[in-house]
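Some notes on the structure that comes next.
The values are calculated or read from the model by the stated rules, or taken from the named source; none is laboratory data. Remember, predicted model here, so these are calculated numbers, not experimental data. Note that we place each Cβ from the backbone using ideal geometry, even for glycine, and neighbour counts take in every protein chain shown.
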Amino acid sequence: MIESGPIPAVHGVVRWRLIDLAQWIFEEFRITIAKQTLSRELRAMGYRKLSARPRHQAQAAGAIEDFKKASPPVWRRSRARRASAATR
């Protein structure tokens, strides 16, 4: 079931989440299973959780590059302090 993926019209989801798999297991076999247990078992079977990096839906493609700060081409040493700490 995991390999073939969900059928959106039948299962109502486009990708499996742990809660969706737990619900499917309950509907199919009448077995209640916790998300943590299901996660542990799937991991033991060799499956890994994949998640996409969240991105705002209205984000323009080049907007991030415009806001990144450019590093100065040459790093300079700070100016020496003119007043010594002893005179204060």
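Structure data summary
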| quantity | calculated |
| --- | --- |
| Residue 23 being at pLDDT 85 or above, loosely packed, with under 11 Cβ neighbours inside 10 Å and assigned to a helix (DSSP H, G or I) | no |
| Residues (of a type in the set (A, V, I, L, M, F, W, C), part of a helix (DSSP H, G or I) and surrounded by 12 or more Cβ atoms within 10 Å (Cβ to Cβ)) located in the stretch 26-43 | 26, 38, 42 |
